[in-house]
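See below for the structure under consideration.
The values are calculated or read from the model by the stated rules, or taken from the named source; none is laboratory data. These numbers were taken from a predicted model, which means no experiment stands behind them. Positions of Cβ are generated from backbone atoms using ideal geometry, with glycine treated the same way; all protein chains shown enter the neighbour counts.
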Amino acid sequence: MPEQQNPLYNLGLNTGTTSFLHPERIAARFDLKPGMIVADFGAGAGFFTVPMARLVGEKGKVYAIDILQSMLDLIKGKTDLEHLLNVELVWSNLEEAGGSRLKDGIVDFVIIANILFQAENKVALFEEAYRILKTGGRLAVIEWDENKFSAGPPGALRIPKKIATGLAQQSRFHLDREFEAGSHHYGLMFRK
């Protein structure tokens with residue numbers, strides 16, 4: 001199927017060798033170690049959940065958090081197929097206080113990927129990430145860049161890198177580094 005006709009291509013997701021967002025390659029840049037605890041905010045269909053679950057191994061854990069039960073059902077199907085028993089599904093609204101339903105300071109790593117542009121309360125996402133992260137824990141933000149491209153959200157909804165950095169810093173995060181996140185995305189790594 002030509003990539004333009006593949007619905008996953010239009011979402012900017014991994015569709016094979018011709019895609020422009022490779023979750024496995026990107027997750028490898030997160031420096032995740034076996035036994036780590038990870039939270040995937042707005043996990044969607046699990047494009048980052050599954051590779052991160054492989055990286056943290058059976059002694060680690062990935063909390064896949066999404067407001068849509070249908071997305072969590074997709075993740076369950078994928079993790080069942082791969083016998084990944086270290087993924088816990090959390091049906092929740094991350095824009096509410098305590099939205100992840102996780103305890104304070106228990107997570108090593110949080111990822112917020114391709115959801116800032118849809119969130120009404122963007123600050124709540126960063127505040128929740130800060131709350132659940134351990135001191136020294138890291139937050140990865142991946143969003144659509146501002147370059148014109150037919151896939152992804154309209155240009156007016158895209159969150160510029162500078163705005164994402166400001167939101168994170170407002171929530172007491174410190175910018176650690178930028179990382180390669182694909183040809184139409186940017187990646188920012190913050191530390192608590």
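Residues that are of a type outside the set (Asp, Glu), at positive phi, surrounded by fewer than 24 Cβ atoms within 10 Å (Cβ to Cβ) and in contact with a Lys or Arg (Cβ under 7 Å, 6 or more places away or on another chain) are absent from the stretch 67-84 altogether.
Of the residues examined, GLY105 is not one that is more than 15 Å from the chain's Cα centre (by Cα), modelled with pLDDT of 95 or more, over 13 Å from ALA43 (Cα atoms) and not in a loop (DSSP other than H, G, I, E, B). Of the residues making up the stretch 33-49, those that are under 27 Å from SER70 (Cβ atoms) and aliphatic (A, V, I, L, M) are ILE37, VAL38, ALA39, ALA43, ALA45. None of ALA129, ALA53, ALA64 is out of contact with any Gly (no Cβ under 8 Å at 6 or more places or on another chain) and of a type in the set (A, V, I, L, M) except ALA129. Assigned to a loop (DSSP other than H, G, I, E, B), more than 16 Å from the chain's Cα centre (by Cα), under 20 Å from ALA27 (Cα atoms) and at pLDDT below 95: does that describe SER183? So SER183 fits the description; yes. Only one of the numbered conditions (1) among the hydrophobic types (A, V, I, L, M, F, W, C); (2) touching a helix residue (DSSP H, G or I) at 6+ places or on another chain (Cβ under 9 Å); (3) under 17 Å from PRO51 (Cβ atoms) is violated by LEU81, and that is (2).
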